[in-house]
Amino acid sequence: MSEYEKPLPRMGPDSQPFWDAARAHRLQLPHCGDCGKPHLPAAPICPFCLSTKIEWRDASGQGTISSWTRVHKAWFPAFAGDVPYNVIQVELDEGPRFTSNLVQHKEGDLRVGRRVEVVFDDVTPEVTLPRFRPSE
């Protein structure tokens, strides 16, 4: 197995449901079983109330760009063909802030306040990544 064929690292101990859902082209996010707040990254405890109860729920995958930057160095081998690429922070309608990249956009579409929706890219047979594109 070459360096480019290795799957990307998981976010944490409870992130397997996230990657399973991404492979099924769904966005699932961790929610606290006690206070109900969604949070990322996935963690064994809730950052708000320190509960150990984590529930994974489907999310719509729609939101608004809160910040963005253009990256000129590939962080992961899977992105090597996309350099430079745009990293955006999305305030999800149903959840926390989510970091991803923007695809299928035209010049001028990349701006704070732009509505976006999630799409899923099969990077390798094992890895499917959620990315965003501008909403119509």
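The values are calculated or read from the model by the stated rules, or taken from the named source; none is laboratory data. Source: prediction; values computed, not measured. So basically every Cβ, Gly included, is an ideal-geometry build from the backbone, and we count neighbours across all protein chains shown.
Which one is modelled with the highest pLDDT among residues in region 45-62 that are closer than 24 Å to D121 by Cβ and not in a loop (DSSP other than H, G, I, E, B)? The selected residue is Q62.
Of all residues assigned to region 100-115, none qualifies as being in a strand (DSSP E or B), of a type in the set (A, V, I, L, M, F, W, C) and closer than 19 Å to P17 by Cβ. Quick check on region 9-39: of everything there that is outside any helix (DSSP H, G or I) and of a type in the set (A, V, I, L, M), which residue is modelled with the lowest pLDDT? In this case the residue turns out to be M11.
Rundown of residues vs (1) in the same structural domain as D20 (by TED's automatic domain parsing); (2) of a type in the set (S, T, Y); (3) modelled with pLDDT of 90 or more; (4) under 21 Å from A24 (Cβ atoms), yes/no style:
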position: V71; (1), (2), (3), (4): no, no, no, no
position: A80; (1), (2), (3), (4): no, no, no, no
position: G95; (1), (2), (3), (4): no, no, no, yes
position: V103; (1), (2), (3), (4): no, no, no, yes
position: R114; (1), (2), (3), (4): no, no, yes, no
position: R133; (1), (2), (3), (4): no, no, yes, yes
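For beta carbons closer than 9 Å, sequence separation of 6+ or different chains, a first residue in region 40-55 that is under 21 Å from A21 (Cα atoms) and a second that is part of a loop (DSSP other than H, G, I, E, B) and of a type in the set (K, R), the qualifying pairs are A42/R10; C46/K37; C46/K53. Only a single item in (1) at pLDDT below 80; (2) outside the structural domain of Q28 (by TED's automatic domain parsing); (3) surrounded by 13 or more Cβ atoms within 10 Å (Cβ to Cβ); (4) not aromatic (F, W, Y) is not met by A42, and it is number (2).
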